[in-house]
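Structure first, commentary second.
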Amino acid sequence: MNSLHSIRMYGLVLALFAAAFTWGCGEDTQEEQVAVLAAGTMFTVTLDQPLSTRLEEEGDEFEATLAKAVVVAGDEALVAGTKLRGEVAASRSGDEEGGPLLTIAFQGIVDGAGETHRIETSPIAIDASHAPALDDEMPSGSVLDENDPMVTDPVEPRTEDPMADPLTGSPMVEEIELPAGHELRVQIARPLEMVVANFARPGTSRSNY
């Protein structure tokens, strides 16, 4: 009788152990679900702060917010509101040779815990021909290379403007000014592997990358 009872108790302990192990494995699998953002993946962000060639210098950092969720294989890999950290790669005023130029790139993405992970994106260069018009409600970001998939239509030349360049008819822009809320199209330059659970909610940056 005692032997039968011992066998039953042993079987019960094994069953409980197996159930706990299975539950733990399932939890780990869910937490470690990995998504890969392929090189060339594009998404839209909005600037959290204004940027200009008048104030920004090479190396200055800034932040932006993901405007729409990034979906991979039908699932949201990055939720709207995710923060990205960028850096000014070049800043040149209009009174310098070549005219005004602002080049930026994003180098960090912030997870739900506030940790910043390194990313690599294609640089976005904005010159006078792609500068947002002052009366644009929501100007778009653009790049210099016309063959780049991120390029957008430049501002139409204002030939009637007495301040326009007599050779090109384009408005003479002394500085590049991007207001807070300015939309930019960002392109991933290298594949980004990420744990989906870490980006299930937006986070606030609290560390340097």
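The values are calculated or read from the model by the stated rules, or taken from the named source; none is laboratory data. Keep in mind the model is a prediction, meaning the values are calculated, not measured. Don't worry about glycine lacking a Cβ; one is built from the backbone with ideal geometry, like all the others, and counts go over all protein chains shown.
Of all residues in the stretch 113-129, one or more are within 16 Å of ARG185 (Cα to Cα), in contact with a Pro (Cβ under 8 Å, 6 or more places away or on another chain) and modelled with pLDDT under 95. Does SER93 meet the test of being modelled with pLDDT of 85 or more, more than 18 Å from the chain's Cα centre (by Cα) and of a type in the set (S, T, N, Q)? So SER93 fits the description; yes.
Residues in the stretch 47-66 that are of a type outside the set (D, E, K, R), exposed (fewer than 15 other Cβ atoms within 10 Å of the Cβ) and touching a residue at least 40 places away in the same chain (Cβ under 8 Å): GLN49, PRO50.
Residues in the stretch 73-88 that are more than 16 Å from GLU63 (Cβ to Cβ) and in a strand (DSSP E or B): ASP75, GLU76, ALA77. Of the residues in the stretch 67-80, at least one is touching a Phe, Trp or Tyr at 6+ places or on another chain (Cβ under 8 Å) and free of Cβ contacts under 8 Å to residues at least 40 places away in the same chain.
Of the residues screened, VAL143 is one that is buried (at least 20 other Cβ atoms within 10 Å of the Cβ), at pLDDT below 50 and assigned to a loop (DSSP other than H, G, I, E, B).
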